[in-house]
1. Could you please find all residues in the range 269-293 being closer than 13 Å to GLY314 by Cβ and more than 13 Å from the chain's Cα centre (by Cα)?
2. Where residues in the range 10-27 are surrounded by 17 or more Cβ atoms within 10 Å (Cβ to Cβ) and touching a Lys or Arg at 6+ places or on another chain (Cβ under 9 Å), which of them is nearest to VAL224 (Cα to Cα)?
3. Taking interchain pairs and intrachain pairs at least six residues apart, which have beta carbon atoms under 8 angstrom, with the first residue in the range 426-452 and on the phi > 0 side of the Ramachandran plot and the second not in a strand (DSSP E or B)?
4. Criterion first (in contact (Cβ under 8 Å) with a residue 24 or more places away in the chain, within 30 Å of SER318 (Cα to Cα), acidic (Asp, Glu) and not in a loop (DSSP other than H, G, I, E, B)) does GLU341 satisfy it?
5. Kindly indicate which of LEU38, LEU34 is under 33 Å from the mean Cα position of the chain (by Cα), in a helix (DSSP H, G or I) and surrounded by 14 or more Cβ atoms within 10 Å (Cβ to Cβ).
6. Which residue pairs have Cβ atoms closer than 9 Å, lie 6 or more positions apart in sequence or on different chains, and pair a first residue in the range 243-264 that is closer than 18 Å to SER311 by Cβ with a second residue that is in a loop (DSSP other than H, G, I, E, B) and of a type in the set (Asp, Glu)?
7. Identify the single condition in (1) touching an Asp or Glu at 6+ places or on another chain (Cβ under 8 Å); (2) farther than 30 Å from LEU229 by Cβ; (3) in contact (Cβ under 8 Å) with a residue 24 or more places away in the chain that GLU182 does not satisfy, given that it satisfies every other one.
8. Which residue pairs have Cβ atoms under 6 Å apart, sit 6 or more places apart or on different chains, and have a first residue in the range 98-122 that is touching a residue at least 40 places away in the same chain (Cβ under 8 Å) and a second that is of a type in the set (D, E, K, R)?
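The values are calculated or read from the model by the stated rules, or taken from the named source; none is laboratory data. If you're wondering where the values come from, they're calculated on a predicted model, not measured in any experiment. Cβ atoms come from the backbone with ideal geometry, glycine included; neighbour counts cover every protein chain shown.
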Amino acid sequence: MREKVRNTIAKFHMFPGNAKIIVGLSGGMDSVALLHVLCGMKEEKGWDITAVHIHHGLRGAEADADRQFAEKFCASLGVPCLLHFFDVRAEAVSRKLGEEETGRLLRYAAFQEAAGEEGYIAVAHHQKDQAETMLMRLCRGTGLKGLAGMAPVRGNICRPLLFCSREEIEAYCRENRLEWREDSTNREEMYTRNKLRLKVLPVLEEINPRAVERMAETAELFSVEEDFLEQQAAICYERAKLSASEGKVCLSRKKLQELHPAMRKRVLRKAMDAFLKRDVSRVQIDALEDLLQKETGKSRDFQEGVHVENSNDGLVFSIKKEKAEGFCYALPFGKELSVPEAGITVKLWLSEEKTEILEDICTKVFDYDKIDQTIFCRTRKTGDFIRLKNGRKKIKDLFIDEKIPRGERENQPLIVAGEEVLWAPELRVSEGLRADEQTKRFLYIRIRRGQV
C-alpha cells in the first residue's frame with residue numbers, strides 16, 4: 001500500500017517538498033493508515049504534518065474516547081494534533097441541513113482554517129468511498145462529472161488513498177500493528193452512505209466480487225474524459241464569447257446554436273460558473289437552453305442575482321443591479337450642473353438672438369416660447385414621450401427601437417419639460433420644440449461627459 005500511495009502522490013503532484021499538510025484524523029482505520037504512511041515519508045520530503053480531529057458532539061463517551069485516541073496516536077508519531085468541538089445537531093437545525101452534510105461542511109471548514117492559504121489537506125477516502133460516492137450521485141441524478149466521483153486532487157484537498165482498497169488499508173494497519181477506533185454510527189442505516197455501504201455494495205459484490213475496484217476504475221476513466229471535454233468546452237466558450245467585462249459576459253447565439261447540445265450545455269455552464277458560487281443545476285441549464293430559443297428581449301433571473309437576457313447581440317449574462325431609484329435635477333440657466341448618476345454635466349442659457357455655434361451631438365437649440373417652464377434632467381417616467389416628424393413616440397418604445405439594453409434604461413438621462421422630452425441625448429431631439437425661423441427666445445442646452 002505504501003508504494004501505491006507514493007505513486008498516487010507523485011502522479012497527481014499532491015504535495016511539494018516542504019509542504020504544510022493537514023491530515024483529517026477521525027481515529028478510524030483509514031485516517032490512521034493515512035497519517036502513518038505520510039509520517040513515514042515526512043523526513044524524506046521535508047513535510048510539516050499536523051493532524052486535525054473533529055468531535056461532532058453526537059456520540060457522547062464514544063466520541064470522547066475517539067478524541068483521546070487521536071491525541072495519543074499523534075503523540076506516538078510526534079505530530080501536533082488540533083482538536084475541534086462542534087454541536088453538529090444544533091448546527092444542522094440552524095442551517096436547515098442534514099447532520100451528515102453539516103458535519104462534512106464543519107470538518108472541511110476546520111481543515112481549511114488549519115491549512116491556511118499555503119497548506120494542503122489530506123483526507124482518507126479510498127476505493128470503496130469512491131464507489132459509494134458514484135452510487136449516491138447516480139441515485140440523485142448526475143452527469144459525467146458526477147460519475148467521475150471524487151477527484152484525487154481538488155484545490156488543496158488531496159486523497160492519497162483513493163486507489164487503495166479497504167482490504168489493502170486493513171492489511172497495512174495490521175502489518176504495522178496500528179490500532180484504530182470503530183465509529184458505531186457507521187452501522188446505522190439512517191445515513192445515505194451507510195445504506196449503500198451496508199446494503200447495496202454487498203449485493204453488487206455478489207454479482208462481481210471486484211465490483212468496487214471496477215467502479216473506481218470507471219470513475220478514473222470518466223475523470224479523464226471529463227477533463228478532456230472541459231478543455232474543449234473552454235475553447236468553445238472563448239469562441240462563442242462576443243464580449244466580457246466585469247460582471248457581464250455576452251455569448252453569440254449563432255455560435256451557441258451551432259454547437260452539439262452536449263457541448264453547448266457545458267459552455268452555458270461555464271458562463272454561469274463565472275457568476276454563481278454554487279454548482280449549476282441541470283434545471284438551470286435547461287432554462288438557458290429554452291431562453292436561447294426565444295425571441296429577443298426575453299430574460300430569466302437566477303439565484304445570486306444572475307440575470308440572463310436574449311439580446312440582439314447574443315445571450316447576455318450579468319449580475320442584476322438593484323432597481324434604480326432614478327434621479328431628477330432642475331436645471332438652472334447659465335450654470336453648469338453635474339448629474340453624477342449619468343456621468344454628465346448640463347448647461348442651459350437663453351438668448352434673444354440666434355448665436356452661431358457648432359451644433360453637434362452635445363449642443364441643441366430649442367424655441368423657449370414653446371416650452372416656458374422649468375427644464376429637468378431626469379430618468380424616464382411612465383407616459384414620457386418625444387415628438388418626431390411622424391408623430392409622438394413613447395420613450396419606452398424609443399429605447400426598445402434604439403436597442404438600449406434593459407439594464408441601462410433606468411439611468412438613461414432625459415432633458416424634459418413636464419412629460420414632454422426635449423432631448424434624449426445621443427438618440428433623438430424633439431421635432432416640435434426645435435428653434436425655427438419664428439423663434440424669438442433661443443434655449444441652448446449643452447451636455448458633456450464628466451463632472452464639473
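1. Result: LEU288, LEU291, LEU292.
2. It comes out as MET14.
3. What qualifies is GLU426/ILE361; GLY450/GLY343.
4. So GLU341 fails the test.
5. LEU34
6. Correct list of pairs: SER243/ASP313; CYS250/ASP313; SER252/ASP313; ARG253/ASP313.
7. Unmet for GLU182, out of (1) touching an Asp or Glu at 6+ places or on another chain (Cβ under 8 Å); (2) farther than 30 Å from LEU229 by Cβ; (3) in contact (Cβ under 8 Å) with a residue 24 or more places away in the chain: (1).
8. As it stands, the answer is GLY119/LYS20, since those pairs meet every condition given.
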